[in-house]
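For reference, the structure discussed in these notes is given below.
None of the figures in this text is laboratory data; all of them are computed from the coordinates on show. Bear in mind the structure is a predicted one, so any value in this text is a computation, not a measurement. Here the Cβ positions follow ideal geometry from the backbone for every residue, glycine too, while neighbour counts run over all protein chains shown.
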Amino acid sequence: MRWSPLVALLVTVPALAQIGPNRRDARSSPPQTAAVEAPPCVAVRATSRMDGVGYTHAIVVENHCTGPVVCDVGTDAGEAPAHIVVAAGASSETVVRLASPAPGVAARGRCRESAR
């Protein structure tokens, strides 16, 4: 049986849509919105990346303040809060858990401006 070009196109396009770049990679999750008390000049987010045996959870702190900030933050997956100091205008990524079974996490904790 010979397929017409139209039938071949109707079969191929839906299949390609399933493997295109817009499909979310199941091995990592997008950064989650932070539930962290922080000054408006500080951005905090949690990330989760698949590392082969589980997910690596990290906290990213971006300091846009004029002075250093001190954060005590963790994730909602049960890690103890990490104490993170970030200089003015800098950012920091701190791994808080390796090989976690939880793919998605959100940051929890508090950041405050520190005396110089």
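Below is a table of values for the structure above.
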{"read-out": "Separation of the D51 and E37 label points, Cα + 7 Å toward Cβ, nm", "value": "3.0"}
{"read-out": "Counting all C-alpha pairs of the stretch 26-113, share separated by more than 17 Å (%)", "value": "41"}
{"read-out": "Exposure proxy ranking, count of Cβ atoms within 10 Å, fewest first, for H64, H83, H57", "value": "H83, H64, H57"}
{"read-out": "Extension reserve of the V70-A87 stretch, reckoned as 0.36 nm per residue once the Cα distance is removed", "value": "5.2 nm"}
